[in-house]
1. Semi-axes, largest first, in whole Å: what does sqrt of 5 times each Cα gyration tensor eigenvalue give for the range 144-224?
2. Per 0.36 nm of contour for each residue apart, how much would the distance between residue 67 and residue 114 grow if the chain were fully extended, relative to their Cα-Cα spacing?
3. For each of 147, 113, 92, count neighbouring Cβ atoms within 10 Å of the residue's Cβ, then give the residues from fewest to most.
4. Hey, rough spin-label estimate for residue 134 and residue 192, points 7 angstrom out along Cα→Cβ, what's it come to in nanometres?
5. Taking 0.36 nm per intervening residue step and subtracting the Cα-Cα distance, what contour gain separates residue 80 from residue 216 on full extension?
6. If you rank 167, 86 by fewest surrounding Cβ atoms within 10 Å, what's the result?
7. Would you list 213, 188 from fewest to most Cβ contacts within 10 Å?
8. Residue 185 to residue 93: extension gain in nm, 0.36 nm per residue of separation minus the Cα-Cα distance?
């Protein structure tokens, strides 16, 4: 092979590597290294999978139910959810973003009837608690995950306050090395998970209320 051919081929290889790196960086893809194995010629070959991050967001802008109900398969921005003791929040007493949010009463929940693959984080705004004679009551809530949509395990607990605060849960850190649920199933960043937000409020003689809005779920999608 003459010098010109060698220079041309080397330049072509460099160009192809550059284009590959540029393409990957603009699709927000990333590589999960699953280790390596030795080939018959004793060369190491990396094995793994390509993923890209996706984000689900809902501000519950399409939810118009003005009564506290229990209902299934409510479409919140393309994902189906089951709700109980939840109504739309639009009054001057409510806290929300844009035109509306959710108001939860006493024992209430919001549960996905569809699963998310490779959940990395869950965030939402919750607060503006009120209700209970003389303001007396409790405003506990928790966030749960499930591998089957039936048996749920709590991964985060909190106490909603009178202010409207952002809650951000790092699920990726929990799942990285595997997390065993109460039903014996070990889940990780390659698992499909259902999500449930429970409000466990109680007010002295009157209902305990809380607002929730701007739910975001960061999860993964496998590039095939």
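1. Result for the range 144-224: semi-axes of 29, 16, 11 Å.
2. Once the chain is fully extended between residue 67 and residue 114, it gains 14.5 nm.
3. In increasing order of surrounding Cβ atoms, one gets 92, 113, 147.
4. 5.2
5. Here the segment from residue 80 to residue 216 would lengthen by 47.5 nm.
6. With the sparsest Cβ surroundings first, the list reads 167, 86.
7. 188, 213
8. Numbers: separation 92, 0.36 × 92 = 33.12 nm, distance 4.26 nm.
Result: 28.9 nm gained on full extension.
FYI, it's all coordinate maths here, none of it is from the lab. The model shown is predicted, which means the values in this text are computed figures rather than measured ones. Heads up, the Cβs are rebuilt from the backbone with ideal geometry, glycines too, and the neighbour counts pull from every protein chain shown.
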